[in-house]
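Take a look at the following structure, please.
Readers should treat all values here as calculations from the given coordinates under stated rules, not as data from a laboratory. This is a predicted model, so every value here is computed, not measured. FYI the Cβ positions are ideal-geometry reconstructions off the backbone, even for glycines, and counts take in every protein chain you see.
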Amino acid sequence: MKRMLIAILMLFPVVSFAVVPDWTILPAESSIRFVGAQNNAPVKGEFKKFTGKIHFDPEQLNDSLVSIKVDMNSVSTSYKDFTITLLNNEWFNVSVFPTAEFIANEFIKKADGQYEAKGKLTIRDKTLPLTIGFEAKQMPNELVRVTGHTTLKRLEFGIGQGEWQSTSEVADEVDVYFDIVAKKVSG
Amino acid sequence: MQFRNSMDRYGLIAISFHWLMAIIIIGLIALGVYMVPLSVSSLKLKLYRWHKEFGLIILYLIFFRLAWRLADRTPSLLGQLPWWQKIAAKTVHATLYFFMFIVPMTGWLLTSATGFPVSFFGWFLMPDLVQPNEVVRVWMVFSHKWLSYIMAGLICVHIAATIQHYVVHKDNILRKMLP
């Protein structure tokens, strides 16, 4: 029995035991931006601080895992009053829900360098399944640049309580764009 | 009632421009004074939208109005007016035209500098005149506010002059601008 097990194990190609590399985000070169609509016109903002655990290998998608944590307090817009409004309890409610998190544990290759990440997004106290398409580009010096975008419905996450549940002034859809540069740290 | 001006009274086109823009401008000033101190709410956003959209209407209309004024003759001021009153009337008129242009422009600059582009009734998006910029925004808040107050003052002078003509001179110049 023991011998047979060893024999079976020996049949597996060595590559399947390769370690999935970890990547660390370079904050200065990365951004998470959003574009919403107020009064039928776009309004922009971004999150200045976010961290991520990226455990990703295009050759081992089944063993890849990515989690991105966004510091909701770091929201930044061109106008102070707009930023303050987003921080308050009717919007992000950062004092109660300081972070948003996306955890992706299922990856599908769509084309060369094009992937789809399936996972769960938590904003405020709502967690919903989310699939995001992204493009990964190898860069020199063990760097990779990951870009993509998705459209979220703010009301599904309870962003905009009370009178803000109306979409006549602020649209439900918010486009989120990410551009992340990460450096390989192991593997 | 004819479309064009005659030498002693305004025609239908000029009268329409005058009263339509008068109603919108007075409404915009009142709305502006009311909406600015409101705390952030969906009502405030709605009022700002109306203010911006109707402000843009003024900006569009002033070009057509000036084009029409240049194309058509201007009724002469009453002959018996002292020279300084003629100058005063012409100066107030010219200044009001200038304000009908500069006040909406500073509003447009203000909203661009804030990072809030403006949609014209959901039909099309106005281009941003400047990139979002806090220094420009603060300057435009100041300019838009004080130019509007000065414009409100000029409108009062303009109305007061009409009343003065009616009450003191009993010449009822207002009739020139009525259908």
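Could you tell me the largest-minus-smallest coordinate of the C-alpha atoms of region B:1-115 on each of the three principal axes, in descending order and whole angstroms?
Reported extents, whole Å, longest axis first: 53, 30, 22.
Also, quick follow-up: For chain B, give the magnitude of the charge dipole about the Cα centre (Cβ charges: +1 Lys/Arg, -1 Asp/Glu; no others), in debye to the nearest 20.
Details: 16 positive and 6 negative charges, 69 e Å.
The dipole magnitude comes to about 340 debye.
Which Rg and Dmax, in Å, describe the Cα atoms of region B:46-106?
15.1, 49
What angle, in degrees between 0 and 90 and rounded to the nearest 10, separates the Cα long axis of helix B:134-164 from the longest principal axis of the Cα atoms of chain B?
Relative to chain B, helix B:134-164 is tipped by roughly 20 degrees.
Run lengths n ≥ 4 of DSSP H only: what is the helix-derived mean residue ellipticity at 222 nm for the protein assembly as shown, with -39500 (n - 2.57) per run over all residues, to the nearest 500? Before the final figure, lay out each step's value.
On the way: 6 runs with 135 residues, N = 366.
Using -39500 (n - 2.57) per qualifying helix, the result is -13000 deg cm²/dmol.
Working from the alpha-carbon coordinates of region B:71-179, get Rg over Rh, Rh being the Kirkwood radius.
On the way: Rg = 18.8 Å, Rh = 16.6 Å.
For region B:71-179, the value is 1.13.
May I pose another question? Pick from A:A111, A:A37, A:A171: which residue has the top mean-square fluctuation in a GNM of chain A where Cα pairs under 10 Å get a spring?
Highest fluctuation of the listed residues: A:A111.
Could you work out which residue, out of B:W68, B:W84, B:W146, moves most in a Gaussian network model of chain B, that is, has the largest mean-square fluctuation with Cα springs under 10 Å?
It is B:W84.
Which value in Å is the Kirkwood Rh of the protein assembly as shown over different Cα pairs? Working shown, then result.
Values: mean 1/r = 0.0394 Å⁻¹.
Answer for the protein assembly as shown: a Kirkwood hydrodynamic radius of 25.4 Å.
Under the definition of Cα pairs under 8 Å and six or more residues apart, what whole-number percent is the relative contact order of region B:108-163?
Working: 44 pairs, mean separation 17.9, N = 56.
Relative contact order for region B:108-163 comes out at 32 percent.
OK, next. Whole Å is fine, so just give me how far the alpha carbon centre of region B:1-38 lies from that of region B:61-78.
Value for the Cα centre distance between the two parts: 14 Å.
Can I ask one more? Looking only at A:E46, A:E106, A:E142, which one moves most when chain A is put into a Gaussian network model with springs between Cα atoms under 10 Å?
Looking only at A:E46, A:E106, A:E142, the largest GNM fluctuation is found for A:E142.
Hey, what's the per residue convex hull volume over the C-alpha atoms of chain A, in cubic angstrom? Mind showing how you got there, number by number?
Numbers: hull volume 28.2 nm³, N = 187.
With only Cα atoms used, chain A gives 151 Å³ per residue.
Take chain B, mark every one of the trypsin sites (Lys or Arg not before Pro) that falls in a DSSP loop and has at most 11 other Cβ within 10 Å, then report the longest stretch left between them, sites excluded.
Values: sites that count: B:R73, B:K170.
Excluding the exposed sites themselves, the longest stretch runs over B:74-169.
Which values of log₁₀ I(q)/I(0), to two decimal places, follow from the Debye formula for region A:79-187 at q = 0.13, 0.18, 0.21, 0.22 Å⁻¹ with a uniform point scatterer at every Cα?
Taking Cα atoms of region A:79-187 as identical point scatterers yields -0.62, -0.99, -1.17, -1.22.
For the protein assembly as shown, give the magnitude of the charge dipole about the Cα centre (Cβ charges: +1 Lys/Arg, -1 Asp/Glu; no others), in debye to the nearest 20.
Working: 37 positive and 29 negative charges, 242 e Å.
Roughly 1160 debye, rounded to the nearest 20.
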